[in-house]
Amino acid sequence: MQTKERSSSNVVYGLGDAEEAELPSIYTAFNPTDDDGQQLPHEVRYSREYMLAQPELEITERVYWHFLEILPPYFWRNEGNTESFVMCEAQTHTHEGNVISSGFRREGSRYFWRWVEIDGLAWHREESY
């Protein structure tokens, strides 16, 4: 898989053109813009309130598996028809010491992504495995 050369602010976990074409909505969540197309200031787009207010987005099975296989998942749960995990790479940290990362969920044959907040102590316990 080849990846395009981009500035670091536009990279979504090293996705190539094919995968990136499948996830315009998740890419927008990583690089939100205002009504004029200007990228939101860092202090806004990485604020806890802004990130957790973003809606859950439906993604493709291919994108789900890409993220599941790219890094070891945290909090991976597989209960038959339902499966979920959190990326082991934090997107940001809150003032309370919690972590905000990408959360992925499968319900039957449908796949979803959203920002999730994880208790900082639970996060560090998961890192030690």
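Worth pointing out:
- Residue ID - farthest from residue 61 (Cα to Cα), chosen from residues in the range 73-102 that are among the hydroxyl-bearing types (Ser, Thr, Tyr) and in a strand (DSSP E or B): 92
- Pick from the range 28-69, criterion charged (D, E, K, R) and in contact (Cβ under 8 Å) with a residue 40 or more places away in the chain, ranking: nearest to residue 99 (Cα to Cα): 48
- Residue satisfying all of: in the range 97-129; of a type in the set (D, E, K, R) and at pLDDT below 85; surrounded by the most Cβ atoms within 10 Å (Cβ to Cβ) among these: 126
- Residue in the range 103-122 that is part of a strand (DSSP E or B), in contact with a Leu (Cβ under 7 Å, 6 or more places away or on another chain) and aliphatic (A, V, I, L, M) present: no
- Some residue of the range 62-72 being acidic (Asp, Glu), surrounded by 12 or more Cβ atoms within 10 Å (Cβ to Cβ) and not in a strand (DSSP E or B): no
- With respect to the conditions (1) aliphatic (A, V, I, L, M); (2) free of Cβ contacts under 8 Å to residues at least 40 places away in the same chain; (3) in contact with a Ser or Thr (Cβ under 6 Å, 6 or more places away or on another chain), residue 121 falls short on a single one, namely (3).
- Scanning the range 77-96 for residues being under 23 Å from residue 53 (Cα atoms) and surrounded by 11 or more Cβ atoms within 10 Å (Cβ to Cβ) gives a total of 12.
- Checked against (1) among the polar types (S, T, N, Q); (2) modelled with pLDDT of 90 or more; (3) touching an Asp or Glu at 6+ places or on another chain (Cβ under 8 Å), residue 94 passes all but a single condition, namely (2).
- Residue within the range 29-42 that is part of a loop (DSSP other than H, G, I, E, B), modelled with pLDDT of 90 or more and loosely packed, with under 12 Cβ neighbours inside 10 Å present: no
The values are calculated or read from the model by the stated rules, or taken from the named source; none is laboratory data. Everything numeric here is computed off the predicted structure, so don't read it as measured data. Note: ideal-geometry Cβ built from the backbone for every residue, glycine included; neighbour counts use all protein chains shown.
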